[in-house]
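This report concerns only the one structure given below.
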Amino acid sequence: MKRKKPADAPWVRPLLRWFERDREEFPWRREPRDPYVVWVAEVMLQQTQVAAAVPYLERWLRHFPTVARLARADADRVLKAWEGLGYYSRARNLLKAARTIVRDCGGVLPRTVEGLRALPGIGDYSARSIAALAYGTPVLGVDGNIRRVGARLYALPSLGDREARDRLEPLMPAGRAGPFTEALMELGRRVCKPRGPLCGACPVRRWCAALSAGDPQAYPAGAPKARPRRERKAALVRVRGGRVGLVKRGEGERLGGLWGFPLLGRVPRGGKRLDPIIHAYSGFTLTAVPVVVAEGGEAYEGERFVTPGEALDLPLSVLDRKVMEKVAKELGAGNAPRRK
Ligand code: SF4
C-alpha cells in the first residue's frame, strides 16, 4: 500500500484529534487492547447497535473471559450466552474459531488479515477491523459508516467497499491504524449520520465536498431497500402435564443448535390458537401462530418436555422465548388442553 502524506488529506489530523478528545469508552477499547475482546465485540456489533452490545459483551465475558475458556465451553452454554442477539451461527463460529485458535495458534488470535480470515466466521471486513483495532495492522475494514463518511467527504454518489479502501487506506497515518478506523466509524455513527448529519459539529467540515455542494445528505445516493419477505408458520406447542415439548434444531437449520417449538409450514386444525407473534429477522418477517395441543401422536426426534421455568435455562431464540411467555400464561390460567 502506498502511504500518502498528511498534506494529501488535511482532514485526517483534525479527525484524530476529535476522536482522542471526544471518543466514547467501551469495553473493547480498554487499553491494553485484548484481541479476544475486540473480536467478540466485532462479531456482536454486526448484530446490534453499539450501546446495546455493551451489556451483551459484559455478560459474555463473565462466562468466557478468555479465548481458552471459550474453547472449553460446551455449545449449549455458548448459545445461551448469545441469546437475544440472533444469527446464532455467529456464536457457533466463535466457538469453532476459539477451538482452532487454541489448537493451532497457541491460544493467540492471528495478527494478519489472512490468518484471521482463515478462522470460521471471520470475513474480509472483520479480519481487517480486528487486525487494525487489536494489533494496529495497517489495514482498513470498511463498514457502512466509513462508506458514508467517505462518500460525503469526496461528494461521491456511491462508494463501494473496494473504492473506499483504495481511497482511505493510504491516508492512514503510520502507527495509527486503530484510531484512524475507529475515528471514521465513530464520526459516521455520531456526527455524519445517514439522516440529518451534524455538520456544524463536524471536525472535518472544512474539507467536506458534500457540505460545500450544499446538500450533504444527498451523498451517497440512497439505494432503494428491498421489502422484507414475509413468512407465516405455526409454532406447535405440545403439552403434557404442565410441560411443553421442545426440539433442538439441527445445525444446518435456521436457529440451528437452539431449542424451540417445532415450526410448521401450515397452521394445523384443532388445538388452541394463541395470538400471533411477529418477529423481524434480517431480510424477512416471521409471523408465528402458537397452536397449543395435548401431546399425542408421533414424538419429534429428541423432543424434551420441560416446564416453562426449565425452558429458560435452555438456549432459546427470541421468537421461542416470546411463544413460551404466552404459553406460560395460558398454562398458568388453567387453559391447558385436555387429551381427547
Ligand atoms: S461536514 Fe457533514 S457531511 Fe461532511 S463529513 Fe462532516 S457531518 Fe458528514
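For the range 68-136, what's the relative contact order in percent, using C-alpha pairs closer than 8 Å and at least 6 residues apart?
On the way: 57 pairs, mean separation 18.3, N = 69.
Computed over the range 68-136, the figure is 26 percent.
Each listed q (0.08, 0.14, 0.15 Å⁻¹) maps to a log10 I(q)/I(0) for the chain from the Debye sum over equal C-alpha point scatterers, namely -0.50, -1.11, -1.19. About its Cα centre, the dipole of the chain is roughly 620 debye, where the only charges are +1 on Lys and Arg Cβ and -1 on Asp and Glu Cβ. Identify, among W259, G309, L286, the residue whose Cα sits farthest towards the positive end of the charge dipole of the range 229-332, taking +1 on the Cβ of Lys and Arg and -1 on the Cβ of Asp and Glu, with the dipole about the Cα centre. Of the listed residues, the answer is L286.
Give me the number: length gained by fully extending R206 to S282, i.e. 0.36 nm times residue separation minus the C-alpha to C-alpha distance, one decimal in nm. List each step's numbers first, then the result.
Details: separation 76, 0.36 × 76 = 27.36 nm, distance 3.74 nm.
Length gained between R206 and S282: 23.6 nm.
Here's how it looks for T285: its modeled amide H is under 5 Å from those of R229, R230, E231, which are all 5 or more places away or on a different chain.
Going from the residue with the fewest nearby Cβ atoms within 10 Å to the one with the most, R77, R162, R176 rank R162, R77, R176.
Cross-link partners for K233 among the aspartates and glutamates, with Cα-Cα distance under 17 Å and sequence neighbours closer than 8 places in the same chain left out: E253, D275, D320. Residue by residue, the range 30-35 carries 3J(HN,Hα) couplings of 5, 9, x, 4, 9, x Hz when phi is fed to the Karplus relation 6.51 cos²θ - 1.76 cosθ + 1.60 (θ = phi - 60°); x denotes Gly or Pro.
Using DSSP, restrict attention to beta bridges with both residues in the chain and report what percent are antiparallel, rounded to the nearest 5. Around 55 percent antiparallel, to the nearest 5. DSSP beta bridges confined to the range 229-332 are antiparallel in about 55 percent of cases. Along the range 161-172, what does the Karplus equation 6.51 cos²θ - 1.76 cosθ + 1.60 (θ = phi - 60°) give for ³J(HN,Hα), rounded to whole Hz, x for Gly and Pro? Those phi angles translate into 4, 5, 5, 4, 5, 4, 6, 8, 4, x, 8, 5 Hz.
According to the Cα gyration tensor, what semi-axes, each the square root of 5 times an eigenvalue, does the equivalent ellipsoid of the range 229-332 have, listed from largest to smallest in whole Å? Don't skip to the answer; put the middle values down first.
Working: eigenvalues 75, 50, 37 Å².
Computed over the range 229-332, the values are 19, 16, 14 Å.
Rounded to the nearest 20, the Cβ-based charge dipole of the range 122-195 about its Cα centre (Lys and Arg +1, Asp and Glu -1) stands at 340 debye.
Quick one: Y219, Y87, fewest Cβ neighbours within 10 Å first, how do they rank? Intermediate results must be reported in sequence, preceding the final value.
Working: Y219 26, Y87 16.
If I rank by nearby Cβ atoms, fewest first, I get Y87, Y219.
For the range 229-332, what relative contact order do you get, as a whole percent, if you take Cα pairs closer than 8 Å and at least 6 residues apart? Numbers along the way, then the final one.
On the way: 186 pairs, mean separation 37.2, N = 104.
Over the range 229-332, the number comes to 36 percent.
A cut-off of 5 Å between modelled amide H atoms, ignoring neighbours fewer than 5 places along the same chain, links G136 with G178. Straight Cα distances below 16 angstrom link K272 to the aspartates and glutamates E295, E325, E330, with same-chain residues fewer than 8 positions distant left out.
Bear in mind that the values in this text are calculations on the coordinates, not laboratory data. Nothing here was measured: the structure is a model prediction, and the numbers come from that model. Glycine also receives a Cβ, built like all others from the backbone with ideal geometry; neighbour counts cover every protein chain displayed.
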